[in-house]
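Asker: Take a look at this one; I'll ask things after.
Just so it is clear, none of the values below were taken in a lab; they were calculated from the coordinates. Please read these numbers as outputs of a predicted model, since none were measured by experiment. Cβ coordinates were reconstructed from backbone atoms using ideal geometry, including for glycine residues, and neighbour counts include every protein chain displayed.
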Amino acid sequence: MYKQLYTICFLSFILISCTKQNSQELLQHENLKTAEQINSVTAPTTFTTYLIRKGNNYCDQSILKSVTTSEMKFVARFDTSAIYQTVNPVNQYDINKLYGFSEGINNQFNSARIGWRWSDGALRLFGYVYKSGVRYSQEITSIPFNTDITCSIKLNGANYLITANGVTVTLPRGLTASTARGFQQYPYFGGDEVAPKNISIKIRNI
C-alpha cells in the first residue's frame, strides 16, 4: 500500500514539474513574440510623406526641430510628381531642397542639405551648402523614380561629405566642430518660383 502511495506521489510530482516547465516555456515564447511585435512596430521602417502644395515653397510638414549630429542618414523616394516646368525657363536650373540641417539658426549662413531638381530630362540630386554665408553646390547623381535612395550628410572637419546612391561629393563647411548643432531642414521648392504643382516626397530617417 505504501509502495502504491509512493508511486502515485512520484508520478504527481513529475506531472506538476512538466506542467510548470511547459507553462514557463509558453510564457517565455509569448514574451519573445511580444518583444518581436514591439520591435517590428518601433523599427524605423516607415516613410513620412512631405507634400509641397501647388503655389507654396515649404512642405506641409515643416516643424521646428533641433538637430545635434555628426552624420544625418536617410532614405528618400521620389515619384513622378517631381517632374515640373517652371514659368521662367531659367528657374528650371534652380536647386530645390530635399533634407539636411543648419549649423546655428540661419540656414543661409552655415548649413548642409541635399538638393534636387528636374532638368534636362532627369531627376538630379546635389550637395547644397552654405559656408559663412557663401553658397556652394555640386551635382551628385541622377536618380530613378519610385526607388529608395540612401543619402547621408557627414561632418569631416572643415568639409561635408554628402552621399546619395553610393556617390559622394565634398563641399566646404564653415565650422570644424565634430558635432553640428542647429535645426532640421525639410523639403522646399524654389526659390524664385513657387511649386507649379503638388509635389510629394517620401523620407525615412535611418
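Asker: Hey, could you check segment 72-94 for residues that are surrounded by 13 or more Cβ atoms within 10 Å (Cβ to Cβ) and among the β-branched types (Val, Ile, Thr) and say which is farthest from Ala122 (Cα to Cα)?
Answerer: Val75
Asker: Please enumerate the residues belonging to segment 163-206 that are under 18 Å from the mean Cα position of the chain (by Cα) and among the aromatic types (Phe, Trp, Tyr).
Answerer: Selection gives Phe183, Tyr186, Tyr188.
Asker: Between Lys54, Lys65, Lys97, which is under 16 Å from Gly191 (Cα atoms), of a type in the set (D, E, K, R) and surrounded by fewer than 15 Cβ atoms within 10 Å (Cβ to Cβ)?
Answerer: Just a single option satisfies the conditions, and that option is Lys54.
Asker: Looking at Gln92 and the list (1) part of a strand (DSSP E or B); (2) of a type outside the set (Gly, Ala, Ser); (3) over 17 Å from Thr69 (Cβ atoms), which single condition is not satisfied?
Answerer: (1)
Asker: Could you tell me whether Ile153 is surrounded by fewer than 16 Cβ atoms within 10 Å (Cβ to Cβ), within 18 Å of Val67 (Cα to Cα) and β-branched (Val, Ile, Thr)?
Answerer: Values: surrounded by fewer than 16 Cβ atoms within 10 Å (Cβ to Cβ): no; within 18 Å of Val67 (Cα to Cα): yes; β-branched (Val, Ile, Thr): yes.
No: the conditions fail for Ile153.
Asker: Another question about this same structure. With (1) over 23 Å from Lys202 (Cα atoms); (2) surrounded by fewer than 14 Cβ atoms within 10 Å (Cβ to Cβ); (3) among the hydroxyl-bearing types (Ser, Thr, Tyr) as the list, and Thr147 as the residue in question, which single condition is left unmet?
Answerer: Result: Thr147 passes all but (1).
Asker: Where residues in segment 105-127 are surrounded by 15 or more Cβ atoms within 10 Å (Cβ to Cβ) and within 16 Å of Phe183 (Cα to Cα), which of them is farthest from the chain's Cα centre (by Cα)?
Answerer: Phe109
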